[in-house]
Each structure stands twice: as C-alpha cells, then as structure tokens.
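All remarks here apply to the structure that follows.
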Amino acid sequence: MSKQTKAPRKKEKKASQFSEVMGRLRRNKLAMVSLAVIILIILAAIFANYVAPYDYAKQDMHNRFLYPSLQHLCGTDNFGRDIFSRIIYGARYSLVVSVIAVAIAVVGGAILGATSGYFGGLYDTIVQRIIDILMAIPSFLLAVVISASLGTGIMSSALAIAVGMMSVFERIMRSSVLQIRDQEFIEAAKVTGASTARIIFHEIIPNALSPIIVNATLCISSAIIAISGLSFIGLGIPAPTPEWGTLLSAGRDYIRDFWPMVTFPGVAIVITIIAFNLLGDGLRDAMDPRLKQ
C-alpha cells in the first residue's frame, strides 16, 4: 500500500509546485504580455504559408522600393519582394537556430556541470579549465571562428552559437550540484544502490533545473542576436533565405535612401529579444520562492 500511495503524492507535489509557479507568473503582467507576443511570433512562423500575404521569394521588378501601404504593410525591397512576408518567414530560421543552439548548450553544459560537480577531483579540474578558456573568448567571436570553419547553414550556425553558451549552463549546473550533492536524498539514493548515472540524471539534474530554465529563456534572445549577427556578416544563414540578419545585411546598402529595408527587420529582432528577456525575468521571479508576491 505504501508504494502505491507514494507515487501519487509525489505527482501531487510536483503539480502543486507547477501551479504555484504559474500562479506567480500570471500575476506578472509584463511576463504574460511577453509570453503572448512570443506565442504570436511562433504561430506566425509555423503558419507562415497562411499568414504571409505574398511568397517571400517572388520578385516584382516593377514594384521595387515601395513604402509601407495597405498592399505591402512593410513595403518592398530592392527586388520587389514583400518585406512583411520575408520577416514572417525569417522568424522560422531565427527561432529554429536559436532554439537548437540553446538546446545543445543546455544539454552539453548540464551534463558537463553535473558530472564535474558530482565527481570532482582531476576530472572537475580539467573541465573547469576548458570552461575558463571558453569564457575568456567573447562568445560572438568564438561563434564567428567556428562558423567560418564549419561553413554556413542552420546546424553549423546553431553549433557555433551553442559552444559559446555552453559554459554558462555548465557553471550554473555545477554550482547547483555542489549545493545538493551531499544532501540526505542523495545519500539515500547511494545507500539503496542506485547507479551513478541514475543519481545524476534522476536525482541531481531535476533538482537543479530551475536556474537552467530561466537562463535558457534569457539565452534565446542572445542566440537571436548571434544568428542575426552571423547572417549579417555572411557566416550564418546564406541569402536568399530570409533570416532576419540576412534581411538587415541586404538593406544596409540602402539604409540612407530606403529605410523600410532595415527598420522593420530590426524592429522584429528588438521586439522578440525584449519579449524573451521579460519572460525570463518573470520566470526567475516566479521560480524563486523568496520572491512570492
């Protein structure tokens, strides 16, 4: 009977913690507005075929450099392509690369941080020195070097950005592991004969996920800036793919003569970054019990 009642209680506890976090998050108006904006951007990117009024690649040389109007909400570019449609399609590439990069950084950093914090010793020393080297190099410069070596493309860009971010999640996870590795529930798991892998992946990592989730949300905005920067200098998503950085790069030659080509992609980047940052701040406040409202 005790085994049968133990699991539901654990599930109820997790459910109650989740509801408490969501309740505190709902009271943060800025975070909820940001979440709504992010959801709209994601939905627009997923259903770009239905949302975009024009084909992003369709050229119309008779309607070049049109200013915003009811027919073209953001105007047209130097090839007569609808800028609004290209921004919507560009959200797909910017968000996909950013999410993949953060996911790789989270998984790699969490595993390195959890194992180095748990085992310690020489392994921990070696890992920390490698992380120190990575942190000494500016993340965007490191992404430029890796992207130049691997070439352009979605996965190459995501990997280049992820390597620079991995050190952040490694340090966060290692710090959390050092705080909980000597607690009673870890000792209890060892006494019951649990394997090292089970202790790390089932006991340590789940109890250190809160700061990882918060920083992952904040790092998506950094990843968007990074992929836009790489595409802007020709090392990210190559033209004519309408990634936001590529749109900015295409419009820089016309920045003085035709402002819509650089203004609207820039506004899309700024709005998305602000939304993710505000959501990350809201999640941080909601997940920290000391900041209950």
*Mind counting the residues in segment 59-81 that are polar (S, T, N, Q) and in contact (Cβ under 8 Å) with a residue 40 or more places away in the chain?*
1
*Of these, 195, 228, 249, which one is among the small types (Gly, Ala, Ser) and farther than 27 Å from residue 170 by Cβ?*
249
*Of the residues in segment 263-293, how many are modelled with pLDDT under 85 and under 18 Å from residue 97 (Cβ atoms)?*
0
*Report, by residue number, each residue of segment 236-262 that is out of contact with any Phe, Trp or Tyr (no Cβ under 7 Å at 6 or more places or on another chain), at pLDDT below 90 and surrounded by fewer than 24 Cβ atoms within 10 Å (Cβ to Cβ).*
238, 239, 240, 250, 251, 252, 253, 254, 255, 256, 257
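So that you can scan it fast, the table gives a plain yes or no per residue for (1) assigned to a helix (DSSP H, G or I); (2) hydroxyl-bearing (Ser, Thr, Tyr); (3) surrounded by fewer than 21 Cβ atoms within 10 Å (Cβ to Cβ); (4) touching a Phe, Trp or Tyr at 6+ places or on another chain (Cβ under 8 Å):
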{"position": "155", "(1), (2), (3), (4)": "yes, no, yes, no"}
{"position": "177", "(1), (2), (3), (4)": "yes, no, no, yes"}
{"position": "186", "(1), (2), (3), (4)": "yes, no, yes, no"}
{"position": "190", "(1), (2), (3), (4)": "yes, no, yes, no"}
{"position": "206", "(1), (2), (3), (4)": "yes, no, yes, no"}
{"position": "214", "(1), (2), (3), (4)": "yes, no, no, no"}
{"position": "226", "(1), (2), (3), (4)": "yes, no, no, yes"}
_Matching option when the condition is surrounded by fewer than 18 Cβ atoms within 10 Å (Cβ to Cβ) and assigned to a helix (DSSP H, G or I), among 159, 141_ = 141
*Tell me which of these residue 24 doesn't satisfy, since it passes every other one: (1) within 23 Å of residue 220 (Cβ to Cβ); (2) among the basic types (Lys, Arg); (3) surrounded by fewer than 17 Cβ atoms within 10 Å (Cβ to Cβ).*
(3)
*In this structure, does residue 200 turn out to be over 19 Å from residue 38 (Cβ atoms) and either in contact with a Leu (Cβ under 6 Å, 6 or more places away or on another chain) or of a type in the set (Val, Ile, Thr) (or both)?*
yes
*Name the one entry in 57, 103 that is modelled with pLDDT of 90 or more, small (Gly, Ala, Ser) and surrounded by fewer than 17 Cβ atoms within 10 Å (Cβ to Cβ).*
103
*For segment 108-127, state whether one or more residues are surrounded by 15 or more Cβ atoms within 10 Å (Cβ to Cβ), touching a Pro at 6+ places or on another chain (Cβ under 8 Å), assigned to a helix (DSSP H, G or I) and not small (Gly, Ala, Ser).*
no
_Residues to consider are 154, 200, 224; find the one that is in contact with a Ser or Thr (Cβ under 7 Å, 6 or more places away or on another chain) and within 28 Å of residue 77 (Cα to Cα)._
224
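The values are calculated or read from the model by the stated rules, or taken from the named source; none is laboratory data. Computed from a predicted structure; not experimentally measured. All Cβ positions, glycine included, derive from the backbone under ideal geometry; neighbour counts span all protein chains shown.
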